[in-house]
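Some notes on the structure that comes next.
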Amino acid sequence: MKRSCVIDQLKELVLDRKSFLGGGYDDTYRKDIVALNVAIRELKKEEVTRRVIRQICEFYGQEPQFIVAIEELSELIKAITKAMRGGDTEKLREDIITEIADVKIIAEELTMIIGAEKEVDEEVKNKLVRQICRIHKEEKECRMNA
């Protein structure tokens with residue numbers, strides 16, 4: 001389902017909730033309405049972000065963005081390496097934050113360029129589940145060896 005459809009459905013739900021209660025609703029319903037409005041705002045932000053990223057992809061094209069991806073990933077590696085050597089920790093932290101933002105943006109661009117948004121989302125979920133399973137397995141082994 002498209003995000004715009006989800007946003008429209010959430011707006012309808014808010015209106016239904018408000019009209020059903022006739023304006024006189026308790027804290028529970030008020031919290032529901034606030035949560036729904038927050039969800040709507042967040043989805044709109046994501047929609048705008050995706051639109052901007054799509055525009056960037058269409059403007060620059062695949063090959064230049066692949067090169068940018070390599071550059072951004074190497075800049076993040078460099079920032080992490082500097083942080084590991086020590087120094088001005090606040091500056092190093094800011095540098096890492098900046099480079100992570102660049103990498104997140106270019107990763108979204110690459111995902112769009114190759115048309116793999118659903119596949120990447122699914123792969124992220126799979127990898128997170130596998131990692132949690134590894135953690136549980138390691139915790140269990142540690143308890144057995146303790």
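Every number here is computed from the coordinates shown, using simple stated rules; none is lab data. The shown structure was predicted, so the numbers you read here are calculated from the model rather than taken from an experiment. All Cβ positions, even for glycine, are placed from backbone atoms using ideal geometry, and neighbour counts span all protein chains on display.
At a glance:
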item: Where labels lie 7 Å past Cα in the beta-carbon direction, separation of Ile114 and Val34 in nm; result: 4.3
item: Label-point separation in nm, Val103 to Lys11, each point 7 Å along Cα→Cβ; result: 3.8
item: Estimated [θ] at 222 nm from DSSP helical runs (n ≥ 4, -39500 (n - 2.57)) normalised by residues in the chain, nearest 500; result: -32000 deg cm²/dmol
item: Crossing angle, helix 117-145 versus the chain [Cα axis fit, 0-90 degrees, rounded to tens]; result: 70
item: Dipole magnitude (debye, nearest 20) for the chain, charges at Cβ of Lys, Arg, Asp, Glu; result: 500
item: Distance between modelled label sites at Arg51 and Val129, nm, 7 Å Cα→Cβ extension; result: 3.4
